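To keep things clear, I will list the structure first and then write my remarks on it.
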Amino acid sequence: MKIGFLTSGGDCQALNAAMRGTAKYLYEKERNKVEFYGFLDGYKGLIRGNYKKMKIDDFEDILNLGGSVIGNSRTPFKLINEPDEEGRDKVKSMIDTYKKTGLDCLVVAGGNGSHKTANLLFEKGLNVVTLPKTIDNDLEGIDVSFGFQSAIDVATDYIDKLQSTAKSHGRVFVVEVMGHKTGWLTLHAGIASNSDIILIPEIPYDINAVVKDIEEKEKRGKKYIIIAAAEGIISKEESLLTKKELKKKRKEGGNLIAAERLARELEPYVDKEIRTASIGHIQRGGNPCAYDRVLATRLGVMAGELIENKKYGYMATFVDNKISSVPLSDVAGKTKMVNIDNQLVLQAKKLGICLGE
Ligand code: F6P
């Protein structure tokens, strides 16, 4: 049996743990009858036929390693699925590599875009199973993706550290958290780090509500304020603009990062010093936390079971505390947003955390 692996899109913690889970599961079943191929740098490796053969030993000590031992890249679905010749060539090259290598199945660890490509390859007749990775936790069909909890831990630790300096100086700190177009990471890290205000893309913020909340908290004696702001936040006014108008407005404003934009909006109304910080890629870096090691291992085992049962075209999932699987066609290309009536959102409000409304 020949099994290919690739890790696509932005990296995250526990990619290696997930591949290890699948490899070890299949090795225990098949012993010397299973061969592993690691395609280098995501779909690029499949397009160009770049891979390294891997032995079970190569998976043994990678459980706690960050990044991916076979490399990542973003190969946007748009580029792969272009209706022109170049796009068709890329798909053809991937199918050719798969066939030339004689794979029985390709295991793709990826986020939203990567799942679209995985589904496309499955529809073209390749045996594919997938592993849900992303620090953004925005994949449809799962409660928690691996990488998410490690990123929450990093962001929480970062904001914890800002708390003490913000307190000493009595400042307002706007901290930018990753998460692409969703607020899962900001919501969780914001609550875990005792942030006063949490702003997420799903709830366009009203600057007056944010200012009012800062004033109220000051009146109550709070000497400093921490605002956890997702990178994708949008103001109420901006949410009424078309995509084109918004792009123009942001360009005219110097294409600032979200934290800077918000700080500038707040400046005229807040008499405290305002500082900004952006956590950035360390949220995806370093070793996976124990929770992610276990989750990714379990999802990896599920991918192994799917392969064993020839159940192709499925993503391994974690829903209601159980590992299971879902057809790729049900989830590929769908983004899971935070609902405004999400229990955690409602509980945050009950704790007096301002969500910008
Ligand atoms: O999807 C993971 C993520 O870290 C997002 O949170 C962020 O918007 C994006 O990737 C950053 O991408 P890049 O690594 O390409 O800068």
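On the stretch given as segment 222-236, residues that are within 16 Å of the ligand (Cβ to nearest atom) and of a type outside the set (Val, Ile, Thr) total 5.
So which residues in segment 30-60 are in contact with a helix residue (DSSP H, G or I) (Cβ under 6 Å, 6 or more places away or on another chain) and under 21 Å from LEU295 (Cα atoms), if there are any at all? Selection gives ILE56, PHE59. Report, by residue number, each residue of segment 125-152 that is more than 13 Å from the ligand (Cβ to nearest atom) and more than 23 Å from GLU308 (Cβ to Cβ). Passing the criteria: GLU140, ASP143, VAL144, GLN149. Within segment 21-67, the set of residues being modelled with pLDDT under 95 and polar (S, T, N, Q) comprises just one member, ASN32.
I'm checking my understanding of the structure. Among residues of segment 164-197 that are of a type in the set (A, V, I, L, M, F, W, C) and within 16 Å of the ligand (Cβ to nearest atom), which one is farthest from VAL338 (Cα to Cα)? Selected residue: VAL175.
Is at least one residue of segment 133-150 at negative phi, within 13 Å of the chain's Cα centre (by Cα), loosely packed, with under 15 Cβ neighbours inside 10 Å and acidic (Asp, Glu)? Within segment 133-150 (the criterion being at negative phi, within 13 Å of the chain's Cα centre (by Cα), loosely packed, with under 15 Cβ neighbours inside 10 Å and acidic (Asp, Glu)), the answer is yes, since at least one residue qualifies.
Annotation: of all residues in segment 106-123 being in contact with a Gly (Cβ under 6 Å, 6 or more places away or on another chain) and of a type in the set (A, V, I, L, M, F, W, C), the one that is surrounded by the most Cβ atoms within 10 Å (Cβ to Cβ) is LEU106. Please go through segment 302-338 and give me each residue that is hydroxyl-bearing (Ser, Thr, Tyr), within 19 Å of the chain's Cα centre (by Cα) and surrounded by fewer than 17 Cβ atoms within 10 Å (Cβ to Cβ), ordered by number. Result: THR335, single match.
For the structure I just gave you, tell me whether ILE274 is in the same structural domain as ALA155 (by TED's automatic domain parsing), within 16 Å of the ligand (Cβ to nearest atom) and in contact with a strand residue (DSSP E or B) (Cβ under 7 Å, 6 or more places away or on another chain).
When the stated conditions are applied, ILE274 does not pass them.
Among the residues of segment 257-266, is any more than 16 Å from the ligand (Cβ to nearest atom), of a type in the set (A, V, I, L, M, F, W, C) and more than 30 Å from PRO204 (Cβ to Cβ)? Scanning segment 257-266 turns up no residue that is more than 16 Å from the ligand (Cβ to nearest atom), of a type in the set (A, V, I, L, M, F, W, C) and more than 30 Å from PRO204 (Cβ to Cβ).
The values are calculated or read from the model by the stated rules, or taken from the named source; none is laboratory data. For clarity, every value in this text was computed on a predicted model and none was experimentally measured. Backbone-built Cβ (ideal geometry, glycine too); neighbour counts: all protein chains shown.
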